[in-house]
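Engineer: Can you keep this structure in mind? I'll have questions shortly.
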Amino acid sequence: MKYPDGQEVKRGDRIELWAGNQGRVVCAIDTGDYSADYPKENWAYLGRGIVVLSEQAGLIHYTEPEPGMRLIKRDTLA
């Protein structure tokens, strides 16, 4: 999946989901990249997209980016 600006979404990214709500990408299903806390065997059934742990809404699965979704910081250690 890509952000609206065309950048690839990666596990570990700190993102703004909408004004006032940030989160971290914990699974990038399209690329098969899963964090240790959210392993493939628990999340691959979703088929595609990303899973984000958001500050205000908990876990959210996206198959397409929201128009206002943007990368805040790339986690180089992800």
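The values are calculated or read from the model by the stated rules, or taken from the named source; none is laboratory data. From a predicted model like this one, the values you see are computed outputs, not experimental measurements. Here Cβ is always computed from backbone atoms with ideal geometry, including for glycine, and neighbour counts include all displayed protein chains. When the accessible area is computed, the model is the full protein with side chains, heavy atoms only, and any ligands, DNA or RNA have been set aside. Shrake-Rupley method; radii C 1.70, N 1.55, O 1.52, S 1.80 Å.
Engineer: Given Ala44, Asn21, Gln7, which one lies farthest toward the positive end of the charge dipole of the chain, if we put +1 on the Cβ of every Lys and Arg and -1 on the Cβ of every Asp and Glu?
Structural biologist: My answer, from the dipole projection, is Gln7.
Engineer: Considering the values (1) 21, 59, 20, 0; (2) 19, 53, 24, 4; (3) 17, 51, 30, 2, which represents P(r) over Cα pairs in 10 Å bins from 0, in percent as calculated for the structure under consideration?
Structural biologist: After the calculation, the listed value that fits is (1).
Engineer: Specify the residue with the greatest mean-square fluctuation among Gly32, Gly12, Gly47, computed from a Gaussian network of the chain linking alpha-carbon atoms under 10 Å apart.
Structural biologist: Largest GNM mean-square fluctuation: Gly47.
Engineer: First compute the accessible area of the chain with a 1.4 Å probe, then give the percent of it belonging to carbon and sulfur atoms.
Structural biologist: Carbon and sulfur together cover 48 percent of it.
Engineer: Then there's this: With the other protein chains left in place, how much accessible area per residue, in square angstrom, belongs to the chain at a 1.4 angstrom probe?
Structural biologist: 58
Engineer: Relative contact order for the chain using alpha-carbon pairs under 8 Å, separation at least 6, rounded to a whole percent?
Structural biologist: With pairs under 8 Å counted, the relative contact order is 39 percent.
Engineer: Could you work out how much longer the chain between Trp18 and Glu66 gets when fully extended? Use 0.36 nm per residue separation minus the Cα distance between them, nm to one decimal.
Structural biologist: That works out to 16.5 nm of additional length.
Engineer: Same structure, new question: What lysines sit close enough to Lys2 to cross-link, taking a C-alpha to C-alpha distance under 18 Å and skipping anything fewer than 8 places away on the same chain?
Structural biologist: Lys2 reaches Lys10, Lys73.
Engineer: In addition: Hey, got the dipole for the chain? About the Cα centre, +1 on K and R Cβ, -1 on D and E Cβ, debye to the nearest 20?
Structural biologist: 120
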